[in-house]
Each structure stands twice: as C-alpha cells, then as structure tokens.
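Working notes, beginning with the structure itself.
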Amino acid sequence: MGEYGQIVTTVTGSTFYLLDGYTYSKNRQFPDGGIRYACRKRLSRKCGAFIRTSKNNIILKTNTFHNHEPPGYVFTKDGYFVKT
Ligand SMILES: [Zn+2]
C-alpha cells in the first residue's frame, strides 16, 4: 500500500501507532521484523481493526474498519500526544 502511519509516544511512555486518528498498540512482533498493531479498543469494544507493518514501517496489510469513533488525541508541541 505504501502508506505510512505515525509512531507516537504518550506522556506516560507508551508507544502507539497512529493512523487516520485511530490508535493502535503493538500486538505481535514477527520474525522478519514486522509488527502487528491492534486497535486499542480491541478488548473494550471488540474492535477488529489492525495494522501489519514491515520492519521499515511500511504498511503491508490493514483492517481499518472500526466499530467506534476515533479517540480524541492531539499532538503537543513536544511531539507527544494526549487524550483530550
Ligand atoms: Zn478500533
């Protein structure tokens, strides 16, 4: 797909993947260095959205159908993001 999301770090030190306003957390690391990120609402909302990236952070596969609205996150000037 050649699409890129952003890897962001919160003020609490957690790392997430941000794409189209939705946040994903690392779910699985593959032997090839790729990572699968699952929607952070995976458990609380049973959301099945995910992103699979290569080791170069290129998106290989996604399911971006969410059964909820995107969370309210904004970037601060330090490059961090916080929930609004
Ligand atoms: Zn979701």
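Tell me the chymotrypsin sites (Phe, Trp or Tyr not before Pro) within the range 1-49 that lie in a loop according to DSSP and have at most 15 other beta-carbon atoms within 10 Å.
The qualifying sites are Y4.
Compute the orientation-averaged projected area for the range 6-83 from the convex hull of its Cα atoms and round it to one decimal in nm².
So the mean shadow area of the Cα hull is 5.3 nm².
Name the residue from S25, G48, P71 whose Cα lies farthest towards the positive end of the charge dipole of the range 6-83, charges +1 on Cβ of Lys and Arg and -1 on Cβ of Asp and Glu.
Checked the options; the winner is G48.
Per residue of the range 60-70, in order, report the coupling 6.51 cos²θ - 1.76 cosθ + 1.60 (Karplus, θ = phi - 60°) as ³J(HN,Hα) in whole Hz, putting x for Gly and Pro.
Whole-Hz 3J(HN,Hα) from phi for the range 60-70: 9, 7, 9, 10, 10, 8, 10, 9, 7, 6, x.
Values quoted throughout were computed directly from the atomic coordinates according to the rules given, and no laboratory measurement underlies them. Worth saying up front: this structure is predicted, and the values here are computed from it rather than measured. Glycine also receives a Cβ, built like all others from the backbone with ideal geometry; neighbour counts cover every protein chain displayed.
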